[in-house]
1. Which residues, taken from region A:460-483, are of a type in the set (D, E, K, R) and closer than 22 Å to A:Ser36 by Cα?
2. Criterion first (under 24 Å from A:Met210 (Cβ atoms), in contact with an Asp or Glu (Cβ under 6 Å, 6 or more places away or on another chain) and at pLDDT 85 or above) does A:Thr52 satisfy it?
3. Give me a count of the residues in region B:23-47 that are more than 13 Å from chain A (Cβ to nearest Cβ) and under 18 Å from A:Tyr172 (Cβ atoms).
4. What residue, among those in region A:278-311 that are modelled with pLDDT of 80 or more and within 7 Å of chain B (Cβ to nearest Cβ), is farthest from the chain's Cα centre (by Cα)?
5. On the basis of being within 11 Å of chain A (Cβ to nearest Cβ) and either closer than 18 Å to B:Tyr17 by Cβ or out of contact with any strand residue (DSSP E or B) (no Cβ under 8 Å at 6 or more places or on another chain) (or both), does B:Gly175 make the cut?
6. Looking at region B:31-112, what strands (runs of 3 or more DSSP E) fall wholly within it and have at least 3 residues that are within 13 Å of the chain's Cα centre (by Cα) and closer than 26 Å to A:Thr276 by Cα?
7. Could you say which residue among A:Ala335, A:Ala373 is within 18 Å of the chain's Cα centre (by Cα) and at pLDDT 85 or above?
8. If the requirement is being of a type in the set (Ser, Thr, Tyr), at pLDDT 85 or above and farther than 15 Å from B:Gly69 by Cα, which of these qualifies: A:Ser347, A:Ser325?
Amino acid sequence: MTTALNPKFTFETFVVGAANRLAVTAARTVAESPGSAYNPLFIYSGSGLGKTHLLMAIGANAKRLAPALNVEYLTLDEYVEAFHAAIAAGQGDAFRRRFQTVDILLIDDVQFLTNRREMQAELLRLSEALQTAGRQIVLTSDRPPIEIEALDERLISRFSGGLVVDIGAPDYETRVAILRRKSEERGAEFPPGVLESVAAAEFTNVRELMGVLNRLVAYQAVNETPLTAEAAQELLGLEQRAGQGGGKAVAAGGGGRGGERIVSPDEFAAFLTDVTVTVGKAVEAWRARIAEAILRWEGEGYRTRRLESLLEQETPLAPDEEIASFARDVERLRALEAEVAQFDPQSAGQSVFRDPERLAEAEETASRVRAGAAPPPGPSAALPFSTFAIGASNQLAVNVAREVLEEPGRRYNPLVVLGKSGVGKSHLLNALGIELAQQPGAIVACLSTQAFIDELIGAIDGNRMEWWRARYRRATALLLDDIHLLGGKDRTQEELFNLFNLFHDLERQLVFTGPAHPKTLPGLEPRIVSRLEGGLVVELVEPDRDVRRAVIRRTLWAQDVPEDPALIDYLADRPADSVRSLAGLLQRVVSAAAAQDVPVSAGLAREVLEGGTAAERRRTVGFRTSGIVVSSAGGVRSREKIVWDWASPGDRVIEDLR
Amino acid sequence: MSLVNFTTREITCKIVYYGPGRSGKTTNLHYIYGRVPESRRGRMVSLATQTDRTLFFDFLPIDLGQISGFTTRFQLYTVPGQVYYNATRRLVLQGADGVVFVADSQARQLDENLESLQNLQANLLEHGIDIRSLPVVMQYNKQDLPRELILQLIELDDALNFRGVPSFPADALHGNGVFETLKAITELVLRRLAQGAPA
């Protein structure tokens, strides 16, 4: 139902003149910071002066600056039709909801609201809802709100509450510019003077002007000879039009054969041409060029003080270079603004991006925003896939992770990794993050849920929610560790919910870890739980022997301890409920070896982990003080929690058999 | 009044049609008014007596739009020709960038023409302006009248145009020579910009 935006209708293809400058400036502002400047923006003009073009240009530009924005363009008739269809299908509420989530709503031709009471009420409700939510509305009409017949007072005041601008008929210069640009677009070339003479006629409408250009192009194509200004005027019957001004159309000459007459152009137009030439000569050429540049950039909303100051000088050194450098600075500002808009739409609207004199400041702002928004926290480089020990206990999870890497965002989205503390969830998460980040253009947000919550609180506190959101929306993958910490954090869940939907829709990968199945986690909203369940939930269990061996070998290698098969076997055979606890055991052994200045060996490990020899046991007992024992390994242990005297293995076996 | 304002990028030309009573100054303005597209012209203000004589002055603003990046506006004024409105004439002359002297070509009006020309010179002097430094063009109006009633161009030039400024024969009622005159004074006025003379 919604009409697609015509890609030809952009600000770049819109010829700006005195009659439409205000409207274009307002439209640009709205496209750059929707919902904050003029809301609603109401543009009116006669037919064929570019309302629809501007409306679509707003949509296209806003989309370009912030692709995530939901932009809807439609004519009032389409809106009415859709509404009626929705009502007929019993979907009125769905219809309303749909339009209430639009970020920029562009409605064309609202003059047709005349005598449509129910549509007026509907539109009033919608515009109230959108404005309250800070969403942008832009409307066009062929007349100002007050002149739309039988329009509800409340709508009039609402429409007039933002900015009401009109687009006037193009003046001579704009007409020439339009004709030039359009003939260029069509690859048609006319001898000098032709377009100017056509533009001299008072066209009140750009469409009419286009029709005229079409005729010129067609005529020239058929005749294969370049058109002259006189022939063009005759072809278009412009002499009558010019003559309508009153008085007489000075018809000089007229000697030729029957029917042929030479019509001298409109006196005023000729006068205007003369004045233009004289002014051109009088106003030194460089001044004219600078003045034109000022008009152009000012029309696009840039401060032109720098160029204006040139005009005040007697003879500037190199005016053309100054203009070129100004243009370069504007380009740079544009690039900076576009970049900043990605990070933080709020900052992009700053006036500093509109003043080439403050380029340095703009660079600074941009780098600040860049630094501030500098990618959301990424994965830890210390936890790559290469160091992730793989065994039967985690093979499934690893396989799934690999498949995710093959097609991020498509196969298992979200991926939820469950497991007890220390079994390697975080390691797997970060390893995935590192791999994902290696894809071109990837921005991976990989952080603990606690950090995520803290950042959000910081953003709320600093009133930088837009910045915060933009930062995460930019990411191509979101990996959150310890999802259970979300419990009871309603606002975080709300934001995560929105991010989740965005990422899911855009096929960006989501990965979460948690200690238990989401539905058993307390304080998690059902909508989050159901979304987590919608992907794939895999579990990491206690590390098996292979994993333990791998972890031990890796840890020893990392600490430059020579590999001792007996030590590895001994340690790997010890029960460990998590990789972390295993690493802890190993650490104790290594530290003890360092303290005693002996090599790490199975014997030492046994000694450290099982309490050492009987002699030592006695010795340690002698050290006892207040129930706390300082072990030789350097750790502090509570006496009560340590089994000091073990029964002999034989006794234990019998005990077990019983 | 500044003729060219580079800061606001505006060119404003004030052109005064001067001449004896009934020489056709207002007719010039009326003709121009009729030829300027509606969108370009402001309301023509004309304070006239019941017998259509200019009582105070006529004023016709014309907007020429953007020229070389300058918003260009012309303000055309006429003065009341009758001798006893001299105070008004002096007032209107204030800040003029150029003067069109509309002379009546009829032989019997020669004295009035001369008197008005002297009056112009005197009034300009009152404003501290030497007529030789101000752009002036002559228009010999009513050239459509029977030859026996009017002076020939050469005679008029001899009698009135002793400074040798551009002169044009005209029939303002039918528009002949009106725009030629306007064009000439405009060119003179604008050319002063190039010379950097303050207007």
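The values are calculated or read from the model by the stated rules, or taken from the named source; none is laboratory data. Just so it is clear, the model here is predicted, and its values are computed rather than measured. Here Cβ is always computed from backbone atoms with ideal geometry, including for glycine, and neighbour counts include all displayed protein chains.
1. A:Asp461, A:Arg464, A:Glu466, A:Arg469, A:Arg471, A:Arg473, A:Arg474
2. So A:Thr52 fits the description; yes.
3. Summing the residues that are more than 13 Å from chain A (Cβ to nearest Cβ) and under 18 Å from A:Tyr172 (Cβ atoms) in region B:23-47 gives 1.
4. A:Glu308
5. Yes; evaluated as a whole, the condition is true for this residue.
6. B:54-67, B:70-78, B:98-104
7. Working: A:Ala373 fails: at pLDDT 85 or above.
Only one candidate passes the filter, namely A:Ala335.
8. A:Ser325
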